[in-house]
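Asker: I have a structure here, written as structure tokens, and I will follow up with some questions on it.
Nothing in this text is a laboratory measurement; each read-out follows from the coordinates by a stated rule. The shown structure was predicted, so the numbers you read here are calculated from the model rather than taken from an experiment. Don't worry about glycine lacking a Cβ; one is built from the backbone with ideal geometry, like all the others, and counts go over all protein chains shown.
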Amino acid sequence: MNKMKNIIVLVSGGGTNLQALIDAQERGEIQNGKITCVISSNPEAYALKRAEMHQIKTKILSRKEFPNNFSYTQALLKVLQEEKADLIVLAGFMIILDKILIQAYENQIINVHPSLIPAFCGDGFYGLHVHEKALEKGVKLTGATVHFVNEICDGGAIILQKAVEVKQGDTPEKLQKRVMEQAEWKILPEAVSLFCADRLVIQNQHVEIKAL
Ligand code: GAR
């Protein structure tokens, strides 16, 4: 039996991806791991309420209290060390982390992004903007990606992806909802479960999933 991993979820907003993780945990789908703390960069984030409703410890580390991303990341690193993080999940976390944290937790940070990387990703592509850009381009398929975080924004090794159809008459909001329901809320818990089961192997920036 592997050691139970401490999963720390970083959030900034509504927290529907956090909810998907909590639901998966409660269904017993994340063996060998437990969400032990939720940290929000935004004191108003509804994600905090979701955690509290499930008796999960929360911490607020408000971005506004820090002059820049570097000092913010330094403070975050300290909290993650106190919390003995084994896995850090960025679930709608809207701050680009400094490399000091990425280096300290190499291959232990995963992010969910609402497109099929390498399309519609990188600096400035976050939240609803990603879906606006996909609609502007007129793609017929989009989706979501879960990937390890490295020093390149949305550039780390891809763990899982799932495609979602774009429909005529879609608005960014409608598309966002479909991508969340059909892709993000499925592949994020699945990737977390695979990580906790030590089934993700990274070699040359490629992820292989070990068979059971
Ligand atoms: C999600 O669609 C997530 O993929 C996206 O923000 C939304 C957060 O929703 N993240 C990014 O764009 C990161 N680049 P949630 O707070 O309801 O999980």
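Asker: In the range 29-94, which trypsin sites (Lys or Arg not before Pro) are in a loop and have at most 15 other Cβ atoms within 10 Å, using DSSP for the loop call?
Answerer: 57, 84
Asker: A follow-up question, please. Let me make sure I get this right: for the chain, a, b and c are the square roots of the gyration tensor eigenvalues over alpha carbons, sorted descending. Under 1.5 in a/c it's rounded, otherwise prolate if a/b > b/c, else oblate. Which is it?
Answerer: Because its axes are fairly even, with a/c under 1.5, the chain counts as rounded.
Asker: Sticking with the crude label model, points 7 Å out along Cα→Cβ, report the distance from residue 211 to residue 81 in nm, one decimal please.
Answerer: 4.2 nm
Asker: Using Cα springs under 10 Å in a Gaussian network model of the chain, which residue among 12, 71, 115 shows the largest mean-square fluctuation?
Answerer: The residue that fluctuates most here is 71.
Asker: Mind checking the range 97-159 for GluC sites (Glu not before Pro) that DSSP puts in a loop (not H, G, I, E or B) and that have at most 10 other Cβ atoms within 10 Å?
Answerer: none
Asker: Below 12 angstrom from the Cβ of residue 61, what's the summed charge of the other residues (Lys, Arg +1; Asp, Glu -1)?
Answerer: Cβ neighbours under 12 Å give a net charge of +1.
Asker: While we're looking at this one, here's another question. Give me, ordered by chain and number, the residues 5 or more places off residue 207 or on other chains with an amide H under 5 Å from its own placed amide H.
Answerer: Amide H to amide H, under 5 Å and 5 or more residues apart or across chains, residue 207 pairs with 158.
Asker: A further question on this structure: Name the residue farthest towards the positive end of the dipole of the chain from the options 55, 10, 81, assuming +1 on Cβ of Lys and Arg, -1 on Cβ of Asp and Glu, about the Cα centre.
Answerer: 55
Asker: Here's something else I'd like to know. Could you tally the net charge around residue 129, taking each other residue with its Cβ under 14 Å from the Cβ of residue 129, Lys/Arg +1 and Asp/Glu -1?
Answerer: Around residue 129, the charge tally is -3.
Asker: What fraction of the DSSP beta bridges in the chain is antiparallel, stated in percent and rounded to the nearest 5?
Answerer: Within the chain, antiparallel bridges account for around 45 percent of the total.
Asker: Compare 166, 146, 38 in a GNM of the chain, Cα atoms joined below 10 Å, and give the one with the largest fluctuation.
Answerer: Result: 166 has the largest fluctuation of those listed.
Asker: For the pair residue 69 and residue 4, what calculated FRET efficiency results from E = 1/(1 + (r/R0)^6), where r is the Cβ-Cβ distance and R0 = 41 Å, to the nearest 0.05?
Answerer: Once the sixth-power term is evaluated, E becomes 0.85.
Asker: May I ask which residue of 100, 71, 163 lies farthest towards the positive end of the charge dipole of the chain, with charges of +1 (Lys, Arg) and -1 (Asp, Glu) on Cβ and the Cα centre as origin?
Answerer: Toward the positive end, the furthest listed residue is 163.
Asker: Mind checking which of 66, 120, 93 has the largest fluctuation in a GNM of the chain, springs on alpha carbons under 10 Å?
Answerer: Looking only at 66, 120, 93, the largest GNM fluctuation is found for 66.
Asker: Moving to a separate point now. Among residues other than residue 199 whose Cβ falls under 10 Å from its Cβ, what is the net charge (Lys/Arg +1, Asp/Glu -1)?
Answerer: -1
Asker: Right, another one. In whole Hz and in residue order, list the ³J(HN,Hα) couplings for the range 150-160 that follow from phi through the Karplus curve 6.51 cos²θ - 1.76 cosθ + 1.60, θ = phi - 60°; x for Gly and Pro.
Answerer: 10, 6, 9, 4, 6, x, x, 4, 7, 9, 9
Asker: Could you run the Karplus curve 6.51 cos²θ - 1.76 cosθ + 1.60 with θ = phi - 60° over the range 87-94 and give me ³J(HN,Hα) per residue in whole Hz, x for Gly and Pro?
Answerer: Taking θ as phi minus 60°, the curve returns 9, 10, 10, 8, 10, x, 8, 9 Hz for the range 87-94.
Asker: Follow-up question, since we're still on this one. Run the dipole for the chain about the Cα centre, Lys and Arg Cβ at +1, Asp and Glu Cβ at -1, nothing else charged, and hand back the magnitude in debye, nearest 20.
Answerer: 260 debye
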